Each structure stands twice: as C-alpha cells, then as structure tokens.
Amino acid sequence: MTILDRYISREFIKIFLLVIASFLSLYLIIDFFERIRMLLSNNASFYQIISYFFFKVPMIISQMMPAVVLLSSLLTFGMLSKHSEITAMKANGISLYRTSLPVIIISVIVCIFTFLFSEFITPYANRKAEYIKRVEVKKQGKPGSFKQNQMWYRSRDAIYNFNIFDPDTDTLKGVTINYLDRDFQLTMRIDAKQAKWEDGKWVFHNLLITRFHSDDFPSIERVTSRVMDIPEKPLDFKAVQKDIEEMGYLELRDYIKKIQSEGYDATRYLADLHGKIAFPLVSIILAIIGVSFSLRSERSGGVAQSISVGIITGFSYWIVFAFALSLGRSGTLPPLLSAWVANIIFASAAAVMFLRVRT
C-alpha cells in the first residue's frame with residue numbers, strides 16, 4: 001500500500017466512522033421517542049429499556065451500511081476535490097481510477113462484513129429485541145415457537161403445529177392440532193392441508209379428524225371443508241411466525257427447501273432470500289457512484305451537496321429495492337430478478353458515471 005493509499009483509506013475510514021455514529025445516534029433518538037410511551041406504560045425497567053435498544057443496534061447497522069458507504073465516499077472525495085488534492089494527484093500523473101481503488105477495496109470489505117454480520121449477529125439480536133418487548137415488557141408470554149423449520153403454538157387445551165402462516169391472506173398451511181385432556185392424553189387430532197380465516201371464522205380444508213377412545217380403536221373422519229371453533233385469531237399466530245429479519249441466509253434457505261419439498265409455494269421467501277445477497281453488495285455500487293459524483297470536476301466539493309446527493313441516492317435505492325422485492329413476493333416478478341433489479345439499475349448508472357470521470 002502506497003502513502004497515497006494509506007492517506008485516502010485513513011480519511012475514508014474517519015469519515016465512515018463519523019457517519020455511521022451520526023446515523024446510529026439519529027435513528028436511536030427517533031426510535032426512542034417513538035417507543036418510550038409504550039415502554040413506560042408497561043413499567044419497563046431501565047435495564048429492559050437499555051437492553052431493548054442495544055439489541056436494535058445490529059439491525060440498524062445492517063440496514064444503513066450501504067448509505068454510510070455512499071455518503072462516506074462522497075464526503076471523502078468531495079473534501080479532496082475542495083482542497084485541490086485531486087488536482088495535485090492528476091498533476092503528478094496519478095489516474096483518478098487508481099486514486100479511488102482504496103475506497104472500492106474498503107467497500108468490498110464492508111460488503112463482506114455486512115453479509116456476515118446480517119447472517120450471524122442481526123437475526124439473534126432481532127429475536128432478542130422482540131423477546132424483550134413482547135415477553136419482558138408487555139408480559140404477553142410466549143405461547144408459540146419456531147423450531148426445526150416448523151411453528152408450534154400452545155393453546156388452552158391443544159398444541160398446534162403448522163408449516164406456514166401467510167399473514168397477507170391469514171392462511172395456515174400444513175396444520176396439525178393435537179387435543180389433550182387434563183392427564184395430557186391425546187383425545188383428538190386434526191390434520192388439514194390449510195385453514196383460512198374467513199368472515200371471523202377458521203375454515204379448514206381437506207381435513208383428517210382422528211378421535212382417540214380409551215376403550216376402543218381410534219375413529220377416523222375425512223372432511224372436505226369445515227368451520228372449526230378454535231379460540232385463536234390470525235393475530236395470535238403472527239406472534240409465532242418468524243420474521244424474515246430474524247433469519248439468516250442459511251436458515252431461510254433451509255426453511256425454503258423444507259416447504260418446497262412439502263409442495264408449498266415459497267415465492268415470497270425466495271425473493272427475500274435473494275435480497276439477503278443483493279442488499280449487502282450494493283455497498284460497492286454506491287461507493288463507485290459516490291466517487292464518480294465527487295470527481296466529476298476538480299472543485300465539486302461541498303459537504304451540504306454531498307450529504308444531499310447521498311440522502312437522495314440512498315433513498316432512491318431503498319424505494320426501488322423495496323418496490324421490486326414486493327413485486328417478487330407477490331409473484332409479479334421472478335424472485336431472483338426482483339431482488340437484483342435495483343442493483344442492476346444502479347450498477348449501470350455507476351458504470352456510466354465512473355467511465356465518464358475525467359482522469
């Protein structure tokens with residue numbers, strides 16, 4: 001690494017740390033004032049409040065990392081341009097493509113870090129934050145769990161097991177309900193292909209009802225469709241459904257393989273799976289955009305201008321990424337394309353801008 005590389009890397013890292021600290025502080029302050037009423041109304045302790053926001057930090061870092069890289073590259077090269085350091089580099093025959101190499105390498109490292117961080121740290125932290133809010137603060141208890149890629153729910157006199165809960169259509173798929181007596185003896189079992197919430201009732205489809213008698217063989221009844229009187233509503237099962245943000249890439253991939261092997265549609269999960277790869281990679285693309293914009297002329301520096309461009313570009317990416325991903329979840333776009341379309345658009349823009357830089 002040359003002296004120039006070390007200098008640019010040091011300046012970029014200083015601004016990078018300052019930007020991420022600023023973004024993190026701003027996010028936590030806003031989130032604090034949004035949550036404080038809920039926390040205080042439930043008599044949350046000081047330790048619970050601190051713990052809740054502490055475990056929110058990894059998710060915030062994972063989400064803001066591309067914008068931090070973009071803004072850091074804009075500010076770094078904007079300041080170099082403003083103080084005529086870019087002009088001095090060009091006068092000494094140093095290509096601006098070569099000058100930007102340290103920032104691009106650091107963005108690659110950040111990209112790898114973001115993926116690993118989102119894979120191993122963020123899901124655990126999200127689960128912990130949700131547990132603190134729901135169980136420790138709101139005292140709602142934990143009637144269900146997500147284990148071995150299946151969801152389990154404990155009711156008053158039954159144990160539910162289902163493969164998928166679709167919150168958009170309020171539909172349970174791959175349902176098994178085991179009814180127990182006071183001695184925890186199995187009295188009845190219901191197996192259904194799916195159960196859908198319709199007009200305030202659960203309508204089960206393709207049922208197999210098995211009743212167990214203490215003095216006789218079990219009796220079996222097959223039913224095409226029937227309204228079942230169970231006390232739980234869709235909101236109860238939403239608490240059990242594991243959020244995509246609480247699963248890493250590998251865990252989500254295994255879950256998709258399982259539900260696909262059982263014949264269920266995994267389109268909405270496939271879009272999120274590809275998104276877990278596409279989102280961290282955008283850090284490299286946005287870094288190139290930041291460098292290219294700052295180098296478009298020798299005196300294009302300006303903190304306010306760099307911040308404005310960074311916010312607009314980062315916000316634009318999030319809009320396109322979220323919109324395309326929603327199309328992939330609904331099946332309007334292929335899952336792979338929906339996750340990568342924003343990256344393709346911004347990578348094309350980055351390539352054009354980078355090639356037009358006056359070296």
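The values are calculated or read from the model by the stated rules, or taken from the named source; none is laboratory data. Quick caveat: nothing in here was measured; it's all calculated off a predicted structure. Cβ: placed from backbone, ideal geometry, glycine included. Neighbour counts: every protein chain shown. For the accessible areas, the whole protein counts, side chains as well, though only heavy atoms, and no ligand, DNA or RNA atoms are used. Shrake-Rupley method; radii C 1.70, N 1.55, O 1.52, S 1.80 Å.
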Worksheet item: Can you find even one residue in the stretch 125-136 that is farther than 30 Å from R35 by Cβ and buried (at least 17 other Cβ atoms within 10 Å of the Cβ)?
Response: no
Worksheet item: How many residues, within the stretch 277-306, are among the small types (G, A, S), at pLDDT 85 or above and open to solvent by 20 Å² or more (accessible area, probe 1.4 Å)?
Response: 0
Worksheet item: How many of the residues in the stretch 309-358 are open to solvent by 80 Å² or more (accessible area, probe 1.4 Å), outside any helix (DSSP H, G or I) and under 28 Å from I86 (Cα atoms)?
Response: 2
Discussion item. Going by what's in this entry, would V108 be described as modelled with pLDDT of 85 or more, part of a helix (DSSP H, G or I) and open to solvent by 10 Å² or more (accessible area, probe 1.4 Å)?
Written reply: yes
Discussion item. Please determine whether any residue of the stretch 223-240 is in a helix (DSSP H, G or I) and open to solvent by less than 30 Å² (accessible area, probe 1.4 Å).
Written reply: yes
Worksheet entry | Residues of the stretch 252-276 that turn out to be out of contact with any helix residue (DSSP H, G or I) (no Cβ under 7 Å at 6 or more places or on another chain) and either open to solvent by 50 Å² or more (accessible area, probe 1.4 Å) or modelled with pLDDT of 95 or more (or both), as a count | 7
Worksheet item: Would it be correct to say that R37 is touching a residue at least 24 places away in the same chain (Cβ under 8 Å) and open to solvent by 80 Å² or more (accessible area, probe 1.4 Å)?
Response: no
Discussion item. I'd like to check something: does the stretch 210-220 contain any residue that is within 38 Å of the chain's Cα centre (by Cα) and touching a residue at least 24 places away in the same chain (Cβ under 8 Å)?
Written reply: no
Item to complete: Starting from the stretch 104-125, keep only residues that are over 17 Å from G275 (Cα atoms), then list their pairs with residues that are of a type in the set (D, E, K, R) and part of a helix (DSSP H, G or I) whose Cβ atoms are within a distance under 9 Å, requiring at least 6 positions of separation or different chains.
Response: I105/D5; Y124/E246; A125/K56
Discussion item. For the list (1) in contact with a Pro (Cβ under 9 Å, 6 or more places away or on another chain); (2) open to solvent by less than 60 Å² (accessible area, probe 1.4 Å), I need the number of the one condition that R211 fails.
Written reply: (2)
Practice prompt. Say whether the condition of being out of contact with any Leu (no Cβ under 7 Å at 6 or more places or on another chain), modelled with pLDDT under 90 and within 25 Å of P58 (Cα to Cα) is met by at least one residue in the stretch 334-352.
Written response: no
Practice prompt. Restricting attention to the stretch 1-34, report how many residues are more than 27 Å from the chain's Cα centre (by Cα), among the aliphatic types (A, V, I, L, M), exposed (fewer than 14 other Cβ atoms within 10 Å of the Cβ) and under 22 Å from V69 (Cβ atoms).
Written response: 1
Fill in: Among (1) of a type in the set (A, V, I, L, M, F, W, C); (2) open to solvent by less than 30 Å² (accessible area, probe 1.4 Å); (3) within 28 Å of A129 (Cα to Cα) - the single one A195 does not satisfy
(3)
Discussion item. Of the conditions (1) in contact (Cβ under 8 Å) with a residue 40 or more places away in the chain; (2) assigned to a helix (DSSP H, G or I), A44 satisfies every one except a single condition; which number is it?
Written reply: (2)
